[in-house]
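Novice: Sharing a structure below in structure tokens format, with a few things to ask.
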Amino acid sequence: MEARATQKYIRISPRKVKVVLDLIRGKSYAEAIGILRNTPKAASEHVLKLLRKVAADAEHNFSMDPESLYVSECYVGAGPTLKRIMPRGKGSADRILKRTSHVTVAVTEKQ
């Protein structure tokens, strides 16, 4: 049995979130929390919040022991991209792409 949680429309690029998720994939819950607290990336705050949420869900809804949880699966997908315009010289414009992410984290109990 696994507990899964998703956070959608995070205003950070999926590529930046993927770097943080690669650090915690397969780690125990306590180790993943420690890694995220000490990682100086903007995405680590969002992933930490999501990991705490999924662990609370696992404990409350599925009666799993928080001491034996590990990150069984975590991935990020691209959300909608916000398109903005940056004025440039001679009346032209550049397009600014503000990307969003959908992050999913799942935890399972060790047997």
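Novice: For the range 1-88, list the helices (runs of 4 or more DSSP H) that sit wholly inside it and hold at least 3 residues that are over 19 Å from VAL107 (Cα atoms); which are they?
Specialist: 14-24
Novice: Mind listing whichever residues of the range 52-96 are polar (S, T, N, Q) and over 23 Å from the mean Cα position of the chain (by Cα)?
Specialist: Once the filter is applied, which keeps residues that are polar (S, T, N, Q) and over 23 Å from the mean Cα position of the chain (by Cα), the range 52-96 yields SER63, SER92.
Novice: Where residues in the range 89-100 are part of a strand (DSSP E or B) and among the basic types (Lys, Arg), which of them is farthest from GLN7 (Cα to Cα)?
Specialist: ARG95
Read-outs: derived from the displayed coordinates by stated rules, not from any lab. Only a predicted model underlies this, so the values are computations on that prediction, with no experimental measurement involved.
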